[in-house]
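Notes for the one structure printed next.
Computed from the coordinates by the stated procedures, all read-outs in this text should not be read as laboratory data. Everything numeric in this text was worked out from a predicted model, so none of it was measured. Here the Cβ positions follow ideal geometry from the backbone for every residue, glycine too, while neighbour counts run over all protein chains shown.
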Amino acid sequence: MAKFGKWISAGLGWAFFGPIGGILGFAIGSMFDGAEQRPITDKTGTTTGGYAMSLLVLVAAVMKADGKVLKSELDYVKKYFIQSFGSDAASEAMIMLRDILKQQIPLNDVSRQIKQNVDYSGRLQLLHFLFGIAAADGVIHPFELKTIEIISKNLGISQNDYNSIKSMFYDDVDSSYKILNIDKTASNEEIKKAYRKMAIKYHPDKVSYLGKEFQEKANEKFQKVNEAYEKIKKERGFV
């Protein structure tokens with residue numbers, strides 16, 4: 001189990017049960033080299049392992065949405081897992097992903113299970129990653145967008161936060177304002193206040209409990225907030 005040990009040794013927790021556990025099936029068991037190392041089946045708390053497995057299931061749902069799985073999408077996922085966990089773990093993650101892609105995914109049930117067990121900051125990070133997957137080929141397909149919308153609603157993400165993260169992947173004249181959840185007619189002081197609020201909401205420390213791998217990835221959202229704020233400041237000429 002050396003390759004996947006960093007995830008599984010942390011325990012699958014709640015993800016071992018319910019619809020997610022049913023999708024993962026025996027694929028998890030096949031990853032273990034020795035009987036002395038087994039997934040923790042305690043439902044309490046969110047672990048890195050449970051979070052990673054949940055991410056793979058949602059990723060599969062988005063990739064299947066437009067009826068085809070593109071190499072660019074697979075490459076995006078693999079690159080992410082290589083950066084986060086190393087090449088060996090990434091290879092095993094891709095094997096598991098390909099197995100999940102062959103299955104029917106009860107999207108509503110899976111999303112609700114995640115909502116019940118992952119805090120809001122963790123769910124925001126999942127949403128950000130799913131948009132990244134959809135945009136990996138340069139275009140977010142309408143079916144992919146619809147799937148992400150369904151996931152977001154079942155995850156309990158507010159419409160404002162959904163629009164904020166979505167705008168990080170759509171470059172238009174108002175995207176910077178949308179990222180900060182502020183109207184373009186807002187005053188400079190209102191923009192400063194909105195920036196401080198979003199910077200706190202998207203700060204990587206919010207998901208530190210998931211481990212440095214996911215915390216480092218969360219920094220991308222945080223950077224988008226900073227970039228949006230700097231762009232608005234430059235346009236308006238305030239400091």
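General remarks:
- Gyration tensor (alpha-carbon) shape descriptor, region 90-162, a/c threshold 1.5: oblate
- FRET efficiency for the ASP137 to PHE238 pair, using the beta carbon distance and R₀ = 41 Å, is estimated at 0.60.
- The slack in the chain from ASP88 to ASP174, taken as 0.36 nm per residue of separation less the alpha-carbon distance, amounts to 26.8 nm.
- Each eigenvalue of the Cα gyration tensor of region 158-239, multiplied by 5 and square-rooted, gives one semi-axis; in descending order these are 23, 13, 11 Å.
- Net lengthening on full extension, ILE200/LYS68 (0.36 nm per residue, minus Cα-Cα): 43.8 nm
- Taking all Cα pairs closer than 8 Å and separated by 6 or more residues, the relative contact order of the chain comes to 18 percent.
- Theoretical ellipticity at 222 nm over the chain - DSSP helices of four or more residues, -39500 (n - 2.57) apiece, nearest 500: -20000 deg cm²/dmol
- Taken one residue at a time, the phi angles of region 80-93 give Karplus couplings (6.51, -1.76, 1.60, θ = phi - 60°) of 4, 6, 5, 5, 8, 10, x, 5, 5, 5, 4, 4, 6, 4 Hz. Gly and Pro are set to x.
- More than 25 Å apart - percent of Cα-Cα pairs taken over region 100-220: 27
- Cut-off 12 Å between beta-carbons: net charge of the residues surrounding LEU101, Lys and Arg +1, Asp and Glu -1: +2
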